[in-house]
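Participant: Sending over a structure as structure tokens; questions will come in a sec.
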Amino acid sequence: MPPALPQNPSPSPEGSRPSRGAPVRLRALDGLRLLAALMVAAYHYGGRGGEISQAWGTSPREQFPTASTYFAYGCLGVQIFFVISGFVICMSGWGRPLRSFFASRVSRLYPAYWAAILIVTAVFALPWIAFKSVSPSDTLVNLTMLQQPIGADRVLGVCWTLWAELRFYALFALFVVLPGANRRRVILFCAVWTLGAALADAANQPFLELVLMPEYAPYFIGGMGLYLIHRYGHDALAWGIVGLSFLIGQHYAVAELWHAPNPSFFSYRSTLGIVAIVAFGYLAVALIALGKFQWANWRWLTLAGALTYPFYLVHEHLGWVVVELLHQKLGIPSYGTFALTILLMLVLAWLLYRFVEQRLTPVIKRSLTAVRVR
């Protein structure tokens with residue numbers, strides 16, 4: 001989940017109307033990123049079963065009889081993340097050579113990720129921690145971020161979204177960054193990827209589905225369409241990309257998350273609720289792209305955006321440990337434990353940002369972009 005760093009670009013040689021004004025940071029996008037991360041955290045702490053039930057001592061449905069119904073929708077924060085990612089990656093890859101794009105992604109993703117892997121592994125190795133740890137060999141594989149295609153156990157449950165992000169980066173780098181980003185090329189990429197993903201799903205070919213990600217592609221594509229609108233203004237083709245991606249994206253969200261009412265399942269999400277949250281994600285990014293939230297220019301939103309990625313990495317598994325400590329060992333009530341766990345994970349995210357990301361990211365980036373003279 002790369003940070004939102006969109007700026008109004010310089011005029012384009014293609015003749016389409018570029019965004020106007022001095023470069024500014026879209027701080028509202030940073031805030032939306034944190035909101036999506038908090039949605040996912042609410043889902044992991046109170047909207048599902050599994051290990052979190054062990055941490056609470058009972059099902060979250062008993063801890064949050066009413067709120068758990070709403071927390072169950074929090075998993076849709078991932079879809080919002082993907083829309084934001086499509087916007088931000090399209091922005092960050094514009095006008096950059098492939099080497100610079102690669103360096104920016106590696107230096108952004110890996111420092112906090114490596115730290116999270118090491119911290120979770122160390123905590124789960126403690127003898128009084130009841131949660132299962134991953135084998136040393138699989139832990140080493142996790143450092144590559146390629147554990148899922150290789151078939152190793154995951155240290156971080158949330159890393160499946162990073163695997164989707166990596167595949168998106170690879171496609172975007174190969175077909176947009178390498179030949180040079182421009183409006184026509186991005187539109188063509190969005191169109192071909194949309195059609196290819198639909199055909200891959202229809203053909204039921206695992207390799208094509210793995211590469212083209214039909215269930216996630218619409219969100220990335222929608223974000224790219226919204227960036228074109230942000231960069232060039234209202235455009236029928238760009239709005240068509242956004243509209244089509246939303247229609248397809250809500251279908252996959254409903255197909256994955258909806259089921260008929262069944263008391264055996266942890267939660268029930270209505271079709272209308274799922275579609276509404278997906279629509280909220282697209283609408284929020286669209287309003288930001290159109291400049292409707294320029295008034296939300298508070299500096300603390302920049303910090304909120306910076307904390308989102310490390311928070312997202314550590315909140316789930318370490319949250320189990322903190323919830324068990326606060327609720328079962330110290331007897332803090334459910335909602336107090338919920339709030340304190342969120343706060344402690346944000347503090348840890350700040351520490352990772354301050355002492356890991358801010359120190360390692362520029363070093364890695366300089367090393368990868370340095371020109372070697374033979």
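Participant: Tell me, what % of the accessible area of the chain is carbon and sulfur with a 1.4 angstrom probe?
Facilitator: 66
Participant: Same structure, new question: Between Y113, Y70, Y45, find the one with the highest GNM mean-square fluctuation for the chain; connect C-alpha pairs within less than 10 Å.
Facilitator: Fluctuation is largest for Y70.
Participant: About its Cα centre, how strong a charge dipole does the chain have in debye, to the nearest 20, once Lys and Arg get +1 and Asp and Glu get -1 at the Cβ?
Facilitator: Numbers: 28 positive and 15 negative charges, 315 e Å.
About 1520 debye.
Participant: Using a 10 angstrom cutoff on alpha carbons, build the Gaussian network for the chain and name the most mobile of N142, N262, N182.
Facilitator: N262
Participant: Which of F82, F101, F355 ends up with the largest GNM mean-square fluctuation for the chain, with Cα atoms connected below 10 Å?
Facilitator: Largest GNM mean-square fluctuation: F355.
Participant: Using the basic label-point model (7 angstrom from Cα toward the beta carbon), what is the A122 to L166 distance in nanometres?
Facilitator: 2.4
Participant: Given a Förster distance of 22 angstrom, what is the FRET efficiency for S137 paired with L360, based on the Cβ-Cβ distance and rounded to 0.05? Mind dumping the intermediate values first?
Facilitator: Numbers: r = 25 Å, r/R0 = 1.12.
Efficiency for this residue pair is about 0.35.
Participant: If I require 15 Å or longer along the helix axis, counting alpha carbons, and a Kyte-Doolittle average no lower than 0.5, what helices from the chain are left? Use full DSSP H segments.
Facilitator: Working: long enough: 27-46 (28 Å, 0.75); 77-92 (22 Å, 2.06); 98-124 (38 Å, 1.06); 159-172 (20 Å, 0.81); 183-203 (30 Å, 1.02); 217-232 (22 Å, 0.54); 236-257 (31 Å, 1.28); 271-289 (27 Å, 2.45); 300-323 (29 Å, 1.00); 334-352 (27 Å, 2.04); 358-369 (17 Å, -0.33).
Helix filter hits for the chain: 27-46, 77-92, 98-124, 159-172, 183-203, 217-232, 236-257, 271-289, 300-323, 334-352.
Participant: What list of ³J(HN,Hα) couplings, whole Hz, do you get for region 66-74 from phi and the Karplus terms 6.51, -1.76, 1.60, once you set θ to phi - 60° and write x for glycine and proline?
Facilitator: 9, 5, 4, 4, 7, 4, 4, 7, x
Participant: Rounded to the nearest 500, what is the 222 nm mean residue ellipticity of the chain from helices alone, with -39500 (n - 2.57) per DSSP H run of 4+ residues and division by all residues?
Facilitator: Values: 17 runs with 243 residues, N = 374.
Rounded to the nearest 500, the figure is -21000 deg cm²/dmol.
Participant: Which entry is the computed Cα extents along the principal axes in Å for this structure: [x] 75, 48, 47; [y] 64, 56, 47; [z] 80, 44, 44?
Facilitator: [y]
Participant: How large is the dipole of region 239-374 about the Cα centre if only Lys and Arg carry +1 and Asp and Glu carry -1, each at its Cβ, rounded to the nearest 20 debye?
Facilitator: Numbers: 10 positive and 4 negative charges, 157 e Å.
Dipole of region 239-374, to the nearest 20 debye: 760 debye.
Participant: Under 5 Å between amide hydrogens, which residues at least 5 positions from G95 or on another chain qualify, with H placed 1.01 Å from N in the peptide plane?
Facilitator: Residues meeting the criterion, in which the H sits 1.01 Å from N, are A181.
Participant: R0 = 22 Å: FRET efficiency of L247 with V192, Cβ-based, nearest 0.05?
Facilitator: E between L247 and V192, to the nearest 0.05, is 0.80.
Participant: For K132, list the aspartates and glutamates whose Cα falls under 19 Å from its own Cα; do not include residues on the same chain fewer than 8 positions away.
Facilitator: Reachable aspartates and glutamates: E51, D153, E316, E324.
The values are calculated or read from the model by the stated rules, or taken from the named source; none is laboratory data. Quantities reported herein were computed from a predicted structural model and do not represent experimental measurements. As a convention, Cβ positions derive from the backbone with ideal geometry for all residues, glycine included, and neighbour counts pool all protein chains shown. Just so you know, the surface numbers come from the protein's heavy atoms only, side chains and all, with ligands and any DNA or RNA stripped out. Shrake-Rupley method; radii C 1.70, N 1.55, O 1.52, S 1.80 Å.
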